[in-house]
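The values are calculated or read from the model by the stated rules, or taken from the named source; none is laboratory data. Nothing here was measured: the structure is a model prediction, and the numbers come from that model. Every residue, glycine as well, gets a Cβ built from its backbone with ideal geometry; the counts of neighbours run over all protein chains shown. Heads up: the accessible areas ignore ligands, DNA and RNA and are worked out on the full protein's heavy atoms, side chains in. Shrake-Rupley method; radii C 1.70, N 1.55, O 1.52, S 1.80 Å.
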Amino acid sequence: MGYYCVIREECIIRPTYTKHQGRLKYTKMTIGDNVFIEKDCIICALKIGNNVQIGKNCIIGHRAQIHDNAKILDNSVLPPDTVVPPNCVYGGRPAQFIAELPESIG
């Protein structure tokens with residue numbers, strides 16, 4: 001976990017896993033700097049980059065990767081193995097691309 005991360009109350013942070021030879025293998029989760037996770041979220045991501053905002057009541061699926069300067073809107077469900085590119089806004093159930101953020105946001 002990086003510097004200046006804020007994880008609000010009632011969040012669940014779980015390690016992600018992969019199946020290897022029929023067995024579960026837990027993988028290290030990486031969380032970058034300046035990450036803000038709102039309350040009531042369930043996070044099972046493989047990687048969360050720098051300057052990421054995750055809204056209230058979000059579910060981030062296993063092995064999901066959220067790159068730098070991304071924003072996940074409130075009440076979104078990010079399916080497993082989703083890759084969120086840098087400078088993007090994702091939202092919905094399941095979460096989909098909504099908008100692109102300017103590079104100056106980070």
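Annotations
- Sole exception among (1) touching a strand residue (DSSP E or B) at 6+ places or on another chain (Cβ under 7 Å); (2) touching a residue at least 40 places away in the same chain (Cβ under 8 Å) for I59, by number: (2)
- Residue count, segment 7-40 (criterion: of a type outside the set (S, T, N, Q) and either part of a loop (DSSP other than H, G, I, E, B) or under 13 Å from K56 (Cα atoms) (or both)): 19
- Leading residue by the ranking (surrounded by the most Cβ atoms within 10 Å (Cβ to Cβ)) among those in segment 62-84 that are assigned to a loop (DSSP other than H, G, I, E, B) and in contact with an Asp or Glu (Cβ under 9 Å, 6 or more places away or on another chain): A64
Listed here are the residues, each with its yes/no results for (1) at pLDDT below 95; (2) open to solvent by less than 70 Å² (accessible area, probe 1.4 Å).
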site: E9; (1), (2): yes, no
site: H20; (1), (2): yes, no
site: M29; (1), (2): yes, yes
site: D33; (1), (2): no, yes
site: I60; (1), (2): no, yes
site: Y90; (1), (2): no, yes
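- Enumeration of residues in segment 35-47 that are open to solvent by 40 Å² or more (accessible area, probe 1.4 Å) and in contact (Cβ under 8 Å) with a residue 24 or more places away in the chain: F36, K39, D40, I42, L46
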